[in-house]
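S.K.: Before I ask anything, let me first share the structure, which is written out below as structure tokens.
The values are calculated or read from the model by the stated rules, or taken from the named source; none is laboratory data. Note that the structure is predicted; figures quoted are calculated from it, not measured. So basically every Cβ, Gly included, is an ideal-geometry build from the backbone, and we count neighbours across all protein chains shown. Surface accessibility is based on the protein's heavy atoms, side chains included, excluding ligands, DNA and RNA. Shrake-Rupley method; radii C 1.70, N 1.55, O 1.52, S 1.80 Å.
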Amino acid sequence: MKVVAVLALACALFIPAAGVGAATGGSGSVATVPPINWGVADDASKYADDGGAWFYGELQGAGLTQNRWTVAFDPNNPTAINELPFLERAAPKAQAAGVHVLLSLYSLKGSAHDPATFCAWAKLVAETVSKWGIHDYIVWNEPNTRLYWSPQKDANGKDVAGPQYEALLAQCYDTLHAADPLANVIAMGLSPRASTSESNEPLVFLRDVGKAYKASGRTTPIMDQLSVHPYPNPNSPADGPQVGYPNPDRFGVPNLDRVKQAVYDSFNGTGQPTTLNGLTFVVDEIGWQTDTTGLSQYVNPENVTVISEQTQAEFLKNLITKYYACDPTVVSVQLFLLADEKYRNGHDETGKYIGGGWQSGLLTAGGEGGLQAEARVCARRPALLPGTRGLRRITRLVGARQDRPGHEARRQEDGQGQEDREEAEAQGGGQALARSSDRQFSRGATRLPEPIPGPSKSPLTRTPVRSSMANACSASSSSSSSWRRSASRWWPASRGAPGPSGPTS
């Protein structure tokens, strides 16, 4: 029986849900640190028969307030939103539940990225969903990887994707803001590494976007926020948040300083803000897969190294307290996923590759029996904040499967689908194809598997924010008078100073 993946987090991390935290610098001044908005990256609510009602209840019980969905542009149907029926059903339910929805917009076909056509479609999406209070648009997903954007390089190995993406992002920025006055345009959803030899390293890609921006002569922004996916190395997926990438053009959780520096070097002095003057980060995917050995509701053998639920809880705790709680540039984090996927290796019972295969959720895909004694004791602890539900069994997992319009396997039209799948599998189900953000496009007219009723791993406490970390954060420097002007604390003076990434010890 699987217990809540974040039991230790719920029992040990009691961060108040106040709106802000404050740190006092050496000069005695007080700087406000904005709260982090926590949520999940999971499309299950969008497809749920009940419009996500059960799903949103679980979010609220865990103190999570956000849900990232994917919505894909179909180049064969460029003037329509293929998933409109699902949006019409789920978006009003999310709005009524007070759940903040972010949309990740990208193309079903990696080579279909004409700016005029895609941004016209994005405009249609914005005009449609803004009535439900949706105003956050992530423009593309992992455009530095061949799976989502092709070609990546020319015959000489030079990055062509970065400049092409800059042109699309600039046009979509203007189009989305014109269509929705409240639009928040979030760029990139950067993969932390090049997924293939034909893909671009993320910070090479980011710098090339900056070069193209400067060369264009544009004087207005192209992004309001920047999205990143700081997953651990897929060759070592059990690495904790403290383990980054040796390659300086890649980034993990402890390497956000590299991303800040690349942004600063690319845009300082231009019309595009950096983290020194307003740009913030959205972490719209992060997670670790847990051990499901002995649980009958999961199918097929595991194909990656997994961690225990207790270790997952400690990783999440460290992610929050050691890195993000003290970093004012991180304002939104989406955990991947809310509930585990049933198929451990992305193949169904017949061996057919269907995508997905992640067991990184806060809830199991199903199970039997009640919570273990430790969980029940934890649930009764008075330290759990008002509004949390404590730990409990899930009596029913509603609406986890749903008929959807048929789509052929992602990237099949590009002739690269099989090669990408083989690479993803060879890397142990790495980011490229192993996530449910892809599965709605890779299962054709099939139905999502329906997890059987079972226990939750554990809800988080009320949304973690930085306020209780203020003393710890300020203690790391006695000379800082401002969170956003703390250059000398974290950066060599010769490089400029985008801002802190949080304490590293």
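S.K.: Per 5 Å bin, what percent of the C-alpha pairs of region 32-129 does each bin hold, from zero upward?
M.R.: All Cα pairs, binned at 5 Å, distribute as 2, 13, 23, 20, 15, 12, 9, 4, 1, 0 percent.
S.K.: Give the peptides 235-245, 50-60 in descending order of average Cβ contacts within 10 Å, highest first.
M.R.: Details: 235-245: 17.2, 50-60: 21.4.
Descending mean neighbour count gives 50-60, 235-245.
S.K.: Once the principal axes of the Cα atoms of region 89-139 are found, what is the range along each, listed largest first in whole angstroms?
M.R.: That works out to 37, 18, 17 Å along the principal axes.
S.K.: Still on this structure: Kindly sort 100, 229, 135 by accessible area of their heavy atoms, largest first, with the probe set to 1.4 Å.
M.R.: Working: 100 70, 229 0, 135 35 Å².
Ranked from most to least accessible, the order is 100, 135, 229.
S.K.: Checking the a/c ratio against 1.5 first, then a/b against b/c, what shape does the Cα gyration tensor give for region 180-226? Walk me through the numbers before you get to the answer.
M.R.: Numbers: a/c = 3.67, a/b = 1.49, b/c = 2.47.
Judged from the Cα gyration tensor, region 180-226 comes out oblate (a/c at least 1.5, b/c at or above a/b).
S.K.: Given an 8 Å cut-off on Cα distances and at least 6 residues of separation, report the relative contact order of region 129-218 as a percent. Working shown, then result.
M.R.: Details: 124 pairs, mean separation 35.2, N = 90.
Contact order relative to length: 39 percent.
S.K.: Would you mind pulling out the separation of the Cα centroids of region 308-369 and region 85-163, in Å?
M.R.: When both Cα centres are located, 23 Å separates them.
S.K.: Express in Å², to the nearest 10, the accessible area of residue 281 obtained by rolling a 1.4 Å probe over the protein heavy atoms while all chains stay in place.
M.R.: Taking all protein chains as shown, residue 281 has close to 0 Å².
S.K.: For region 111-194, what class follows from the C-alpha gyration tensor (a ≥ b ≥ c being the square roots of its eigenvalues): rounded when a/c is under 1.5, otherwise prolate if a/b is larger than b/c, else oblate?
M.R.: On the way: a/c = 2.76, a/b = 2.08, b/c = 1.33.
The shape class here is prolate.
S.K.: While we're here: Go from 0 up to the bin containing the longest alpha carbon distance in region 170-313, width 5 Å each, and give me the % of pairs per bin.
M.R.: Histogramming region 170-313 at 5 Å steps yields 2, 9, 16, 18, 16, 13, 10, 7, 5, 3, 1, 0 percent.
S.K.: Give the lysines reachable from residue 131 as a straight Cα distance under 20 Å; neighbours fewer than 8 places away on the same chain don't count.
M.R.: 46, 93, 123
S.K.: Continuing with the same structure: Residue 188: accessible area at probe 1.4 Å, nearest 10 Å²?
M.R.: Only protein atoms counted, so the area is about 0 Å².
S.K.: Now, a different point. For a quick check of understanding: with a 1.4 angstrom probe and all protein chains in place, what accessible area in square angstrom does residue 89 have, to the nearest ten?
M.R.: It works out to around 70 Å².
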